[in-house]
Every structure is written in structure tokens, then in C-alpha cells.
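The next block holds one structure in the form of C-alpha cells; read it before the comments.
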Amino acid sequence: MEHQVKHAPPFWINPNFRLNTPNFRFSWYMADINTLRQEATVFLEERKVYQASSQCVVCMLSPNHDTLYIVYAENTNFGNLRLQKWLRETIRDEITARAKLVLPPRLRELEKKHNLYGNRVFVKKLRGNTMGCCSVYNDITLMPGLIIMPQPLIDSVILHEMAHYKHKHHRKSFWKFLSQLLGEDAKMQKGAMDIALSKYWLQIKYLMK
Ligand SMILES: [Zn+2]
């Protein structure tokens, strides 16, 4: 019993779990097990299949990675930890693919808008609670999990990193410059964003680990 509790995820990925964000969402569909098995034998690149004894779950991947369709049989045991891991990793990979499509163009858009240009942009996992970083060469790295946050949060993280093009620190001049980019007091805005972010953080940390 203790063993189970210790390894239980912070939340379960099952048909009650929804993710509807402007950039990424997923939908659940129940289907007959025989139909699912048939679907599973069809080889398609944009399809991922989980099969174990009586269980069968098929994930359909949309070409631009903005929607993940999860089709499952009625008797699916979502309490199975192996299935949970598979679902989490499938969702994580789709979120990452979507982030790589969406985040760099959004950064370029904001650069154009503010006439403030850096160097390269990368989308990859960052250590600890870091959402983005800017190198001495003005390369920006953004974490893929950003993509499942509301657009204002995504933009504020990107603008924060862009402000580092000019100021490589967090001193007064940095916050003043960022306030100009945001059109509001950057420190106040950061406080509000941190509160908003805390709502998503557990979800992001678990899904993207
Ligand atoms: Zn910073």
C-alpha cells in the first residue's frame, strides 16, 4: 500500500483530465475495443498505440500538433501506472512538438514589434523552475511547457528574455526597460504573473518531466 502511494502521480491522466489552452488541447473519445484493435493495426505515422492484454488506447496526432485525440476502450484501467507513464510521455512529446512550431515564430513577431533583435532561439527543457534564459550571445532558450500557458504569460516570459538583449542582469535599468516593452510596471506585472502561473505549475512540471 505504502509503495503504491509513494509512486502515485500528483494527478491522474484520464477522461476527466482536460487541457484546453489556446495553443494546445486534447480530446477524449470512447470506442469499441474491436474498433480500437483494428485502428491499432493500421500503420500511420500520426498515431500512437498503447496495448497491454485487454487494454488498448490509441492517440491520434494532428499534423500541426495542436490537438491530441485520445481514443480508449470503455474498460480501460487508467489507474495503471504504466499506462499513466505512456500517456504522460505521449502528451509531453506532443506539447514539445507544438512548442517548437509556435514559440520561435512568436518570439520573432515580438522582436519585430519592438524592433529589438537577438540571435538564435531554442526550445528545450531547462533546469529547475527556469522558464527561459538568454545567453551572452543573445540566444534565447524557452521551455516547451510554456505553450500550455495563456498567451499573456507566454509573451511576458519571452519579453523578459528579450529585455536581456540589452541588460544582462536584474538591476533597476533592466526592470525599467522591461516596463517599456510591457507597457506597464514590470515588477508589478511579474507579481501578478507569478500568481497566475502557480495555477499551471504543478501540471506543467509533471507533464513535462
Ligand atoms: Zn531574467
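Among the conditions (1) charged (D, E, K, R); (2) touching a Gly at 6+ places or on another chain (Cβ under 9 Å); (3) open to solvent by less than 40 Å² (accessible area, probe 1.4 Å), the only one that D155 does not satisfy is (2). Is it the case that the range 12-24 has a residue that's touching a residue at least 24 places away in the same chain (Cβ under 8 Å), among the hydroxyl-bearing types (S, T, Y) and not assigned by TED's automatic domain parsing to the domain that holds P152? Yes; the residues of the range 12-24 include at least one that is touching a residue at least 24 places away in the same chain (Cβ under 8 Å), among the hydroxyl-bearing types (S, T, Y) and not assigned by TED's automatic domain parsing to the domain that holds P152. Can you name every residue in the range 104-119 that is open to solvent by less than 20 Å² (accessible area, probe 1.4 Å) and part of a helix (DSSP H, G or I)? Within the range 104-119, L107, L110, E111 qualify. Scanning the range 79-106 for residues that are closer than 13 Å to W12 by Cβ and polar (S, T, N, Q) yields N80, Q84.
Mind checking which residues of the range 32-50 are over 25 Å from the mean Cα position of the chain (by Cα), surrounded by 14 or more Cβ atoms within 10 Å (Cβ to Cβ) and within 20 Å of E94 (Cβ to Cβ)? Within the range 32-50, L36, E39, A40 qualify.
Just one of the listed residues (L146, L159, L116, L142) is of a type outside the set (D, E, K, R), under 26 Å from N14 (Cβ atoms) and within 16 Å of the ligand (Cβ to nearest atom), namely L146. Just need a number here: residues in the range 1-50 that are hydroxyl-bearing (S, T, Y), modelled with pLDDT of 85 or more and not in a strand (DSSP E or B). Adding up the residues that qualify gives 2. Whether a residue is of a type in the set (A, V, I, L, M, F, W, C), part of a helix (DSSP H, G or I), buried (at least 17 other Cβ atoms within 10 Å of the Cβ) and modelled with pLDDT of 95 or more was assessed, and L101 does not pass this test. For the range 162-171, the set of residues classified as more than 9 Å from the ligand (Cβ to nearest atom) and open to solvent by less than 20 Å² (accessible area, probe 1.4 Å) consists of M162 only. Condition (residue is at pLDDT 95 or above, charged (D, E, K, R) and either within 15 Å of the ligand (Cβ to nearest atom) or over 16 Å from N115 (Cβ atoms) (or both)) applied to the range 173-182: is it met by at least one residue? Checked against the condition, which is being at pLDDT 95 or above, charged (D, E, K, R) and either within 15 Å of the ligand (Cβ to nearest atom) or over 16 Å from N115 (Cβ atoms) (or both), the range 173-182 yields at least one hit.
The values are calculated or read from the model by the stated rules, or taken from the named source; none is laboratory data. The shown structure was predicted, so the numbers you read here are calculated from the model rather than taken from an experiment. Ideal geometry is used to build each Cβ from the backbone, glycine not excepted, and the neighbour counts take in all protein chains shown. Accessible surface areas use protein heavy atoms only, side chains included; no ligands, DNA or RNA. Shrake-Rupley method; radii C 1.70, N 1.55, O 1.52, S 1.80 Å.
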